[in-house]
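The values are calculated or read from the model by the stated rules, or taken from the named source; none is laboratory data. Because the structure is a prediction, the values reported are computed rather than measured. Counting neighbours? That spans all protein chains shown, and the Cβs are built from the backbone with ideal geometry, glycine included. To get the accessible areas, we keep the full protein, side chains included, count just its heavy atoms, and leave off ligands, DNA and RNA. Shrake-Rupley method; radii C 1.70, N 1.55, O 1.52, S 1.80 Å.
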Amino acid sequence: MIDEIKKLRNIGISAHIDSGKTTLTERILYYTRRIFAIHEVRGKDGVGAKMDSMELEKERGITIASAATHCEWQGHRINIIDTPGHVDFTIEVERALRVMDGAVLILCSVGGVQSQSITVDRQMNRYKVPRIAFINKCDRAGADPYKVVQQLRQKLNHNAVLMQIPIGLEGKLSGVVDLISMVAIYFEGPNGDEVKSGPVPPDLIEEAKKKREEMLDNLSMFSDELTEAILEETINEAIIRKVIREETISRKITPVFLGSAYKNIGVQTLLDGINSYLPAPVEVKNIALDMNNNEKEICLESNPEMPVVALAFKLEVTPYGQLTYIRIYQGTIRKGNDLVITRTRKKIKVGRLVRMHADEMEEVVSANAGDIVALFGVECYSGDTFTDGSLICSMSSMFIPEPVISLSLTPKDIKAQNNMSKALDRFTREDPTFRSYVDQESGETIISGMGELHLDVYVERMKREFNAQVETGAPQVAYREAITIKSAFDYTHKKQTGGAGQFGRVMGFMEPSEKGIYEFINQVKGGTIPTEYIPAVDKGFQSCLKKGWMLEFPVLGMKITVEDGKSHSVDSSEMAFTQAAIGAFKQAYMKAKPVILEPVMKVCVEVPSEFQGNVMSSINQRRGLIISSAEDGVFTTIEAEVPLSEMFGYATVLRSITQGKAEFTMEFTKYSRLPESLADELKTRMKESAKGGIRQ
Amino acid sequence: MKNFISVSPLKILDKSSRKELGPGNLGVLIARAGVGKTACLIHIALDRIFRQGKIVHVSLEEGPEKVMSYYNVIYSDLVKALNIEDSNDENRMIIDRSRMILAYLHQSFDLDRLRLNLNNLQEKLDFKPDALILDGLDFETTETSVFEGLKQISQQFGFELWLSALSHRHISDANERGVVYPVNKIDYLFSIIIQVQAESSGVFLRLLKDHDNAIISDTSVRLDPNTFLSLV
C-alpha cells in the first residue's frame, strides 16, 4: 500500500496568463490517455479570438477547471490540482496550495518571468511547495530559454538547474537533449506520441557537455557522494537523479525542462520529471491540530492503516448536489464509512466517493492517505476537517476572526436577488470569515469580511459565477468602543405604578479589562442581590455591549464588578434586575471616558527592492507603522501595521507606484484607539448621517 | 523605564571615559557562541529606546519575526525581573515605534543596500536612528573595507553602531593591546570593545577598548545570566 502512495503525485500547474497552461494541461491529459483528441486554443486561421482558459475549458467540456483531475503516467498516479489563476489571496487559494505536494511552474521562453509568475511563485514559497519549471513555447520567435533560466535565478531566487537543452529553437525546435543520459529525445507522429531517442546532434555535443558540467557542478554542492563520483569518474544516472530528487523536494534546486506544448515537444519528459523529482505524499510533512489537546500540533502520516484525517478544500455545486473535494492525509476512506466533521462534531456517512478525470467521474470504493477524491452530497463547509471520530483534529485553526469591514449590496432586479442569495449561501459555506446578513433597519443586504480585497473578490465572483448583478455601497469599517477608566454605578430600577411592581438596585463599578474581553465579577455579599438574580444582572450588562452609548458601536474589553445591591421581596424579578443593570451601564458608561477603536491590519508588501522607498512612503501616508523591511535577493518584504480605514483603494495605489510589481496581503491584527481628531470627524459624520436618516 | 536604565548592561560605559559610544563610532561585543551576544545587543537597543532614542536593528541571519520575538521575550523578562507594570502595553508601543528592523536574508547584505535603506527611512519616514545594531556579521570572512564602510555610514547618518563578533575557544590570539580574535587586527576601527564572558558566577562584561584612552579601568560588570541585567 505504501508503495502505491509512493507512486502518487499531487501537483499544481501554475502559470501566468498566456504562458500555455491550458495547452500543456490538455497535452498531459492526452498523453496520459484521459482525452483522445487534441484541440487548439486558437482558431484555424491563427488569429481567431484568443479565449481565456476558463471559457475554453467550459466550451470543451473538459473539467480542468474542476478542483482536481486524475491521470496516470508510467505507473504513477497524478492528481492535477487547479491552481487559481487570480492572485488575490483568499482562503480558497490557500487551501489549493495547501493540498498540493509539488508544482510545475510554466514560463514562456519569450516573455520570461513576468510579474504574475513572481506573485504565484512567492505564494508557493509561502507554502513551501517544491517546484520544477517548464520553459514553454521554445518554438516561438524570440525564444531564449537560457535567458529565462537566468531570470528564474535572479528574479525568483530559484537555484534553477537545466535538465535539458533544446535541439534547435524557434521554428527549428525539434526535440531536447537530456543532460543526465546525454541522449537526444524527439517526439514524432502527428501528435508527438512517439518518443524516440538518439545520439546528441554533433553541433550540440560541446554545448551539451558544457551544460551538463554546469548541472553537475551545481548538484555537487549538495552531495558528497556525487562529488566523489565526479572526482573518481564513477558517476552514473542513478546518483544524479537521486540528488536532483532530494534537493528538489527540499527546495534547494528547481529542475528546468524545456519544450513546446503546442508543438507536442517535451511534454512526456516533463511528466517523467514530475514522477522522478516531485514528492510523493509520504515525503511531505503535514500538521494537524489536536482539538482535544489545546490545538497542539500533531504530525500526520500518509499511512492508510492509521485513523482518518481529511481536508475538504473545495466545494462545487453540481446538478446532483454538492461535490466536496477532499485530500486524505491519513487513513483510508471507504464507501459506507462514517466520518465526523471536526467543526460540528456531526457524523456523516460516505455515500458516493468519486475520482475526477478529465471529462468523467469514476466511482471508487475506497481511497487512501495521500489521495484526492470527491464526496457527493455531504453537507459541509470548505476547510472542514473529516476524521473517523477516533481522533478529533483540525487541519486548520478553529479560530475564526471577526470581520472588520462591511459593504452593502443592492441587487439590480429580482433575478439578481435570487442569484445573489444563492451566491451568498455558497460563499458563506466556503469561507467562514465571510458573513452576510440583512440589516433590519435599512433592509439592505450587508456582507462583511476581512478586507476590501476580500469582499471585492466575492462581489466579482457573484457577478461572474452566479450572474448576480449587484451594486455595492461604500465600505464601512467596523469600529468599536472601549472605556478607558474605572467608573462606579449605583442604580435603582423602580416601577411601582399600576400592575406588578419592579424593583432592583445594583452597585459596583466598570473598568477596562486587561484581557480585552467582557468579564463579569460577582462580589455581592450577604445576599443583597439574591443569587438567582445575578445572571439577570450579567445579562443586562451584556445586552448593553452590543451598542455603546457613544456612537452605538459594540463595546470591547469591559470588566464589570457588582459589589452590592438591594432587592424587594415582592417586586424584584429577573426583568427588574436586567433593567437595573442597563440603567447602571448608562449611568457609568460616559463617565468611564469611552473612546473609539479602529481595526488595525498587519500589512505585508512584497516588492522589488528598488520600490522600497515608494512603498514606505505610501504606508507612512496612511498612518501606518512600519515594523520591518527584509531584503531577500532582489525583493523586499515590508511589514507594517496600518488602520483599515486607510487601506481602501491601496491595491490601485500600490500598482501605480510599483509598476504593478508588488503584492500585498493584509490581515486583522488588533483594535487601536482612533486619534481624537479623527474620532471627532467620525462623530460629526455619524450625526449628519443620522439626521439624513441614513444609518452609518 | 528609569529602573531598567539603572541596571542595563550598558552600565559598563559608566566606567568609560566618555560614558557612551557616541555618534559616528563603532562598538563591538565579542563573545563565544551561546554566551548571549544577541541578548546583549537587544539590551543595548532597549537602553537607547528607553532613553527616548530610535534604533535600527539589522539582522543578517534571522527574519524580522524572529528578531521581534527576541525583543518580546527579553522585554517580558525585564517586566518580570523589575516588577514593572505595563498594563496598556505602553512600553511595547514605544519599542515598536522606536525600532526598525532591517533583515538581509540569503547574503542580501551590502553597504550600498544598507545606505539606500537608511536613506529611505530618513527621507520617507523621517526615521533618524540614534543607534544601529548589526547582528550576525561574520568577522572572519568580512573584509576590512566593509567595517570601514560601516564606520563611514555611522558618521554619515550620525548614529552609533554596535556589532557582535564571534570568538572561538581554540583561537586565543590577542594583540598587544589585549584585544582578542577576531577583532584583534581591526581594533583601530572600533571605539568601544567589550568582551562578554560566561563564568560560573554569571556573565561578565569587560571593557577592552575605551575610545582613545590608553588606560582602561580594570573593572567589569556582572550580569544576571538569565536576564542580562547588571547585578549592582
10 Å Cβ neighbours from other chains, averaged over peptide A:374-382: 0
Radius, Kirkwood style, for the range A:110-236 when every pair of distinct Cα atoms is counted (Å): 16.4 Å
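How big is the C-alpha Rg of the range B:158-232 next to the rule-of-thumb value 2.2 N^0.38 Å, as a ratio?
Working it through for the range B:158-232, the quotient is 1.16.
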Label residue B:123 and residue A:282 with points 7 Å out from Cα along Cα→Cβ: what is the distance between them in nm? 5.7 nm
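Which number do you get for Rg(Cα) / (2.2 N^0.38 Å) in chain B? Working shown, then result.
Details: Rg = 16.8 Å, N = 232, 2.2 N^0.38 = 17.4 Å.
The reported ratio for this selection is 0.96.
When the convex hull of the Cα atoms of the range A:181-269 is projected onto a plane and the area is averaged over all directions, what value comes out in nm²?
Mean shadow area of the hull around the Cα atoms is 6.8 nm².
Rounded to whole Å and sorted largest first, what semi-axes of the equivalent ellipsoid does the C-alpha gyration tensor of the protein assembly as shown yield via the square root of 5 times each eigenvalue?
52, 45, 26
What is the average number of partner chain Cβ atoms found within 10 Å of a Cβ in A:414-423?
The mean count of partner-chain Cβ atoms within 10 Å per residue comes to 0.
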GluC sites (Glu not before Pro) within the range A:489-580: DSSP coil, no more than 13 neighbouring Cβ in 10 Å: A:514
What accessible area, summed over both chains, is buried at the B-A interface (1.4 Å probe, Å², nearest 100)? 1700 Å²
With Cα coordinates, the longest principal axis of chain A makes an angle with the long axis of helix A:676-691, in degrees rounded to 10, of 70 degrees
Quick check: Cα centre of the range B:102-129 to Cα centre of the range A:558-618, how many Å? 39 Å
Of the convex hull drawn through the C-alpha atoms of the range A:300-419, the volume per residue in Å³ is 142 Å³
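Taking the highest mean first, how do the peptides B:200-208, B:215-223 order by number of other beta carbon atoms within 10 angstrom per residue?
B:200-208, B:215-223
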Given H placed 1.01 Å from N in the peptide plane, which residues other than close sequence neighbours of residue B:51 have an amide H under 5 Å from its amide H? none
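So which trypsin sites (Lys or Arg not before Pro) in the range A:522-577 pass both tests, a DSSP loop state and at most 16 other Cβ atoms within 10 Å of the Cβ?
Those satisfying the criteria are A:525, A:546, A:547.
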Check residue A:183: other-chain or 5+ apart residues with amide H under 5 Å from its amide H, H built from backbone geometry? A:178
Just the number please: accessible area per residue for the protein assembly as shown, 1.4 Å probe, all protein chains included, in Å². 45 Å²
Taking θ as phi - 60°, what are the ³J(HN,Hα) couplings along the range B:184-191 by the Karplus curve (6.51, -1.76, 1.60), each to the nearest whole Hz, with x for Gly and Pro? 4, 8, 10, 5, 5, 7, 9, 8
Across the range A:152-162, in residue order, what do the Karplus-derived ³J(HN,Hα) couplings come to in whole Hz, using 6.51 cos²θ - 1.76 cosθ + 1.60 with θ = phi - 60° and x for Gly and Pro? 4, 6, 7, 7, 9, 6, 8, 8, 6, 10, 5
Sticking to Cα atoms, compute the Rg of the range A:308-347 to one decimal and its Dmax as the biggest Cα-Cα distance, whole number, in Å. 11.1, 30
Given a Förster distance of 41 Å, the FRET efficiency implied by the Cβ-Cβ spacing of residue A:415 and residue A:669, rounded to the nearest 0.05, works out to 0.55
Under 17 Å between alpha carbons, and skipping anything fewer than 8 positions from residue A:687 in its own chain: which lysines qualify? A:547
Divide the volume of the convex hull of the Cα atoms of the range B:109-188 by its number of residues and quote the answer in cubic angstrom per residue. 98 Å³
Do the alpha carbons of any pairs in A:602/B:128; B:11/B:209; A:155/A:263 sit beyond 25 Å of each other, and which pairs? A:155/A:263
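In deg cm²/dmol and to the nearest 500, what is the mean residue ellipticity at 222 nm of chain A if only DSSP H runs of at least 4 residues count, each as -39500 (n - 2.57), divided by the residue total?
Only helices count here, giving -8500 deg cm²/dmol.
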Counting only residues 5 or more places away or on other chains, whose amide H sits under 5 Å from the amide H of residue A:314 once H atoms are built in the peptide plane? A:325, A:383
Candidate span helices, chain B: DSSP H, at least 18 Å along axis from Cα coords, Kyte-Doolittle average at least 0.0, result B:37-50, B:64-82
Residue by residue through the range A:404-409, which ³J(HN,Hα) values in whole Hz follow from phi under the Karplus form 6.51 cos²θ - 1.76 cosθ + 1.60 (θ = phi - 60°), with glycine and proline marked x? 10, 9, 9, 8, 8, 10
Note the angle between two axes, namely the Cα long axis of helix A:205-220 and the longest principal axis of the Cα atoms of chain A, as a number of degrees from 0 to 90, rounded to the nearest 10. 40 degrees
For residue A:422, give me every one of the aspartates and glutamates with a C-alpha distance below 12 angstrom, ignoring sequence neighbours fewer than eight places off in its own chain. A:465
Sort the range A:424-487 into rounded, prolate or oblate with this rule: let a ≥ b ≥ c be the square roots of the eigenvalues of the Cα gyration tensor; rounded if a/c is under 1.5, and if a/c is not under 1.5, prolate when a/b is larger than b/c, oblate otherwise. prolate
Students often get this wrong, so check it: of A:242/B:66; A:128/A:515; A:296/A:546; A:495/A:591, which have C-alpha atoms separated by over 29 Å? A:242/B:66; A:128/A:515; A:296/A:546
D_trans [Stokes-Einstein, Kirkwood Rh over alpha-carbon pairs] for the range A:646-695, 20 °C, 1.002 mPa s, µm² s⁻¹: 153 µm²/s
Taking alpha-carbon centroids only, the range A:132-205 lies from the range B:48-82 a number of Å equal to 50 Å
Under 12 Å from the Cα of residue A:172 - aspartates and glutamates, other chains or at least 8 residues apart: A:139
So what are the three principal axis dimensions of the range A:441-594 from its Cα atoms, in whole Å, longest to shortest? 65, 39, 23
Across the range A:547-666, how large is the tail of the calculated P(r) beyond 21 Å, expressed as a percent of all Cα pairs? 57 percent
Just to be sure I understand: if I project the alpha-carbon convex hull of the range B:21-86 onto a plane and average over all orientations, what area do I get in nm²? 5.6 nm²
